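The values are calculated or read from the model by the stated rules, or taken from the named source; none is laboratory data. If you're wondering where the values come from, they're calculated on a predicted model, not measured in any experiment. No Cβ is skipped: glycine too gets one built from the backbone with ideal geometry, and neighbour counts run over all protein chains shown. These accessible areas exclude ligands, DNA and RNA; they are computed on the full protein's heavy atoms, side chains included. Shrake-Rupley method; radii C 1.70, N 1.55, O 1.52, S 1.80 Å.
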Amino acid sequence: MFTTWRTASKNRQRLAALSPRLRRLALAWCGEQSLAEDLSQEALARALSRLDTLKDDKALEGWVFSILANCFRDHCRRHKPADQFEECIDQSLSSADEQLAQQQTTNQVRQAIGRLTPDQREVLMLVDLEACSYAEVADILDIPVGTVMSRLSRARQNLKQLITPAHGNKPGNRPFLERVK
């Protein structure tokens, strides 16, 4: 009994220590500070309420990140996801036509990313926008590295198919995105 209480107390402390990382990850996924706070708090509350179901104390971090991923997915199902990309108008473009074309490209990329499955979007954002390694993504989402690689590959293929018809195969017509930190 005493050992179980002591372990639960340590796990609560570890959960509290994970709070900043949860907020940072939630912010990377949703791009909104207040929503990131809500998602991380919801994940911590769920973890605290189910702490007795954790079978391996060493798996606490992955377990909590998995709960956060589920909270984010639940939010995406309930609401339209917030845009994850900042506009990047190249000021060196001389004409309004060039700026308009770049804006249209940005909008097409946003729409294409919005059409990806939530699983593909999560992996794509973590790898390409947040520069996480495959192992880090696997840890965060509690999935095998091979699954990360296949989801990322499918996401990139789908993006290419969704964007290429609109731009043709001209080398200069590539979408321009800025990484959001």
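Quick notes on this one:
- Leading residue by the ranking (farthest from residue 125 (Cα to Cα)) among those in segment 45-65 that are open to solvent by 30 Å² or more (accessible area, probe 1.4 Å) and at pLDDT 80 or above: 52
- Considering segment 147-171, the residues that are at pLDDT below 90 and in contact with a Lys or Arg (Cβ under 8 Å, 6 or more places away or on another chain) include one that is least open to solvent (accessible area, probe 1.4 Å), namely 167.
- Test set (1) modelled with pLDDT under 60; (2) in a helix (DSSP H, G or I) - residue 81 fails condition number: (2)
- Contacts under 7 angstrom Cβ, first residue in segment 34-53 being among the hydroxyl-bearing types (Ser, Thr, Tyr), partner surrounded by fewer than 21 Cβ atoms within 10 Å (Cβ to Cβ), 6 or more apart: 40/19; 40/23
- Selected residue (criterion: most open to solvent (accessible area, probe 1.4 Å)) from residues of segment 98-146 that are assigned to a helix (DSSP H, G or I) and among the hydroxyl-bearing types (Ser, Thr, Tyr): 134
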